[in-house]
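Trainee: Quick one: the structure is below, questions incoming.
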Amino acid sequence: MIKPTNLYIDGTWQEAISKEVRTIYNPFDNQPLATVAEGDRKDAQKAISSARSAFESGDWRYTTAAERGRLVYLLGDLIEKNKEKLAELETLNTGKTLAESLWDMEDIAGIFRYYGGLADKNEGESIASPNPNSQSLLVKEPIGVVGMICPWNYPLLQAAWKIAPALAAGCTMIIKPSEFTPLTTLLWTSLAEEVGFPKGVINTVLGPGHSIGAELAESMEVDMISFTGGIVTGKKIMEAAAGNVKKVALELGGKNPHILFEDGDWETAIDFILNGVFFHAGQICSAGTRVMVASSIHDKVVEHLKQRISNIRLGNGMENDTQMGPLISQTQLDKVSNHVQKAIKEGAKLVVGGKRPTEESLKNGFFYEPTLLTDCTADMAIVKEEVFGPVVHVEKFETEEEAIKKANDTIYGLSAGFWSQDQQRVSRVSKALRFGTVWVNDFNVYFVQAPWGGYKQSGQGRELGHAGLEEFQEVKHIYQNFKPSPLNWFGN
Ligand code: NAD
C-alpha cells in the first residue's frame with residue numbers, strides 16, 4: 001500500500017477540496033500504483049496562504065540560520081535512512097532502474113546535508129561607503145514564499161535542488177510535483193513532517209500544471225517560482241509570473257552536443273556516449289543526444305556504437321539485470337517515435353532501433369528501442385529539437401571551428417562535452433562553447449557543489465552550489481549615517 005496520497009497544507013494531510021483523485025501508473029506495465037488527491041486552484045490558494053502566513057509569522061525566517069541548517073541537515077539523514085524505500089517508489093513511478101534511483105536518493109541526502117551546512121555560512125558583508133561617517137551593510141534575506149514546479153524525469157532530485165536551498169535560506173514553500181510522478185515527493189513530505197518544521201513552512205499540492213501550476217505562477221502572494229520542465233511551459237510561467245513581477249528561475253530543456261575530436265580517447269568516449277544518452281531512456285535534460293564526430297574516426301565510432309547499443313537490455317527497473325527502462329507515458333513514446341520517423345524522412349539513416357521492442361514482457365510498458373541515427377545534418381529537426389528519449393544521432397565535422405560553430409548553433413545552452421587530449425584545444429574549445437556546463441573527457445557529471453543551469457533558452461538562474469542558495473535570497477543594502485548634517489539644498 002503506497003502512502004501518503006493526500007495534499008499537505010498548513011501542517012495537515014488533506015483530501016482535495018473537490019474530493020477528486022488521480023490514478024498513478026507504473027510505466028513499466030501501465031498498471032495502477034496508487035490513487036492520490038487531485039487538487040485544483042482552490043487547493044493551491046489554500047497552500048499559498050498557508051506558506052504566506054508561515055513566512056509573515058517569522059517563525060522560520062527569523063529562527064537562527066544554524067537552526068534552519070540543523071533541520072535541513074536532519075532531513076538529509078532521514079532521506080539516507082529511507083533511501084531504499086524512496087528509490088523503490090521512484091523506480092515504480094518513473095521506470096528508471098533501481099540502481100539509478102538509489103544514486104538519486106544518495107545524491108538527494110547529500111544535497112540536504114550540503115545546504116544544511118551552508119545555511120549559517122552565508123555571511124553578509126560590509127561595503128565601503130562614500131561617507132566616512134556611515135556604515136553600509138549587505139544582508140541576505142529569504143525571498144519569501146516560493147512556488148516550486150517539478151518535472152517527471154527526476155521527481156525528487158529536481159525537487160531537492162529547490163527545496164533544500166529554499167528552506168536553508170528561510171523561505172516558505174509550496175511544491176507541486178509532476179502529476180505523473182508525485183509519489184516520492186509525498187513520502188519526502190512525510191519525512192519532513194517527522195523532522196518538525198514549523199506549520200505552513202512546507203506545503204505539498206498535487207494536480208495538473210494548467211490549474212495548480214498556473215495558480216502558483218499567477219498568484220500575487222508568491223514571491224518566486226522555481227521551475228524545472230519544458231521550454232513551452234517555462235515561457236507560459238514567465239508570462240503568468242509578470243502579474244506581480246515575481247522572480248522566475250527556470251531549468252529547461254537541452255540539445256546537448258557531445259563532441260569527439262580525432263585526438264580524443266574515442267574508445268572510452270563511446271562508453272560515455274552510451275551513458276549520456278541511454279540513462280533513464282534518454283529522459284534527461286542534459287542527455288548528450290547530439291554526437292558530433294571528426295570525420296576521420298566517424299565510421300569506426302558508428303560501428304562500435306551500433307554494436308554496444310544493440311546489446312542494451314530493456315526491462316523492469318526493479319530487476320537487477322535491467323539496463324534501461326521505459327519512457328514515462330504513451331504521449332512521450334509517440335513523441336519519440338515521431339521524431340525518429342521525421343528524421344528518417346528528412347534523410348537520416350537508421351542504424352539500429354527505431355521501433356518498439358517486440359518482447360512479450362515489455363508489451364504493456366512504454367518501451368522504445370535504443371536508437372542510432374547517422375547522416376544527420378544541421379537543418380534536420382532531430383539535430384535542433386529535444387527528443388527526450390533513447391535516441392542518439394551522429395553528425396560529422398572536419399575542423400575544430402566547424403565543430404564549435406555547429407555545437408553553438410542551437411537555441412539551447414544547458415551542457416556540452418568533448419573529448420581531446422590536446423590541452424590547448426581543451427582550453428580553446430571549453431571557452432568557446434556557450435553552455436552552462438562543459439565536460440572535458442567525461443559526460444553528465446553533477447555534484448552539489450557545482451552550479452547547474454542553462455545559457456540561452458535552457459533557462460535562467462542557477463541551481464546547486466552557493467549560487468543555488470543565492471537564488472532564494474534578496475540582497476538588502478542597509479546604510480546608516482552616524483553623523484547626519486543638513487544638506488540645505490532647498491535653503492535653510
Ligand atoms: P513539463 O513542462 O511538461 O512539466 C513540468 C511541470 O510543469 C509539471 O509539474 C507540470 O504539471 C507543470 N506545468 C505544466 N503546464 C503548466 C502551466 N501552464 N503552468 C504551470 N505549471 C505547468 O515538463 P516535463 O515533461 O515534466 O519534463 C520534461 C522537461 O523538463 C524536458 O524538457 C527537460 O529537458 C526538462 N528538464 C530540465 C532540467 C534542467 O535541469 N534543466 C531537469 C529536468 C528536466
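Trainee: Output the relative contact order of region 257-440, whole-number percent, from Cα pairs under 8 angstrom with separation of 6+ residues.
Mentor: 28 percent
Trainee: Above 45 angstrom, tally the Cα pairs of the chain and express them as a % of all pairs, no decimals.
Mentor: Working: 19982 of 120786 pairs.
Summing the P(r) of the chain above 45 Å gives 17 percent of all pairs.
Trainee: Decide, for region 357-425, between rounded, prolate and oblate: order the square roots of the alpha carbon gyration tensor eigenvalues as a ≥ b ≥ c, take rounded if a/c falls under 1.5, and otherwise choose prolate if a/b is larger than b/c, else oblate. Mind showing how you got there, number by number?
Mentor: Numbers: a/c = 2.58, a/b = 2.20, b/c = 1.17.
Judged from the Cα gyration tensor, region 357-425 comes out prolate (a/c at least 1.5, a/b above b/c).
Trainee: What whole number of Å gives the distance from the Cα centroid of region 424-480 to the Cα centroid of region 183-238?
Mentor: About 23 Å separates the Cα centre of region 183-238 from the one of region 424-480.
Trainee: Okay, moving on. Would you give the gap between the C-alpha center of region 352-414 and the C-alpha center of region 81-125, rounded to a whole Å?
Mentor: 29 Å
Trainee: Given a cut-off of under 8 Å on Cα pairs at least six residues apart, what relative contact order in percent is computed for the chain?
Mentor: 18 percent
Trainee: Measuring from the lowest to the highest alpha carbon on each principal axis, how far does region 165-301 reach, largest first, in angstroms?
Mentor: In descending order, the Cα extents are 61, 36, 28 Å.
Trainee: Also: Using the Cα gyration tensor of region 183-259, with a ≥ b ≥ c the square roots of its eigenvalues, what is the shape: rounded (a/c below 1.5), prolate (a/b larger than b/c) or oblate (neither)?
Mentor: Cα axes put region 183-259 in the oblate bin.
Trainee: Then there's this: Say a site is exposed when it is one of the chymotrypsin sites (Phe, Trp or Tyr not before Pro), sits in a DSSP loop, and has at most 10 other Cβ atoms within 10 Å; what is then the longest site-free stretch of the chain?
Mentor: With chymotrypsin sites (Phe, Trp or Tyr not before Pro) excluded where exposed in loops, the chain gives 63-481 as its longest stretch.
Trainee: Could you let me know the centre-to-centre spacing of region 260-282 and region 2-51, using Cα atoms, in angstrom?
Mentor: What the calculation gives is 40 Å, centre to centre.
Trainee: Moving to a separate point now. For a test of understanding, tell me how many lysine pairs in region 257-440 have Cα atoms under 17 Å apart, given they are 8 or more places apart or on different chains.
Mentor: The number of close lysine pairs in region 257-440 is 22.
Trainee: I'd like the per residue volume of the convex hull spanned by the Cα atoms of region 167-210, given in cubic angstrom.
Mentor: 78 Å³
Trainee: Additional query: Scan region 1-69 for GluC sites (Glu not before Pro) in coil per DSSP, keeping those whose Cβ has at most 16 other Cβ atoms within 10 Å, and list them by number.
Mentor: On the way: sites: Glu15, Glu20, Glu38, Glu56, Glu67; in loops: Glu15, Glu20, Glu38.
Answer by residue number: Glu15, Glu20.
Trainee: Using a 1.4 Å probe over the heavy atoms of the protein chains, calculate the carbon and sulfur portion of the accessible area of the chain as a whole percent.
Mentor: The computed percentage sits at 51.
Trainee: Within region 342-410, report the GluC sites (Glu not before Pro) that DSSP leaves as loop and that have at most 12 other Cβ atoms within 10 Å.
Mentor: Sites meeting the loop and neighbour criteria: Glu359, Glu398.
Trainee: Still on this structure, I have one more. Loop-only check: which trypsin sites (Lys or Arg not before Pro) in region 78-187 are DSSP coil with at most 16 other Cβ within 10 angstrom?
Mentor: When the trypsin sites (Lys or Arg not before Pro) of region 78-187 are filtered for loop state and at most 16 Cβ neighbours within 10 Å, Lys121 remain.
Trainee: Taking H placed 1.01 Å from N in the peptide plane, check which residues at least 5 places from Arg290 or on another chain put their amide H under 5 Å from its amide H.
Mentor: Residues meeting the amide H criterion: Asn256, His258.
Trainee: Counting DSSP beta bridges in the chain, what percent are antiparallel, to the nearest 5?
Mentor: 45 percent
The values are calculated or read from the model by the stated rules, or taken from the named source; none is laboratory data. Because the structure is predicted, anything quoted here is derived from the model rather than measured. When we count neighbours, we look across all protein chains shown, and the Cβ atoms used for this are built from the backbone with ideal geometry, even at glycine. The protein model used for the area step is the full one, side chains on, heavy atoms only, and it has no ligands, DNA or RNA in it. Shrake-Rupley method; radii C 1.70, N 1.55, O 1.52, S 1.80 Å.
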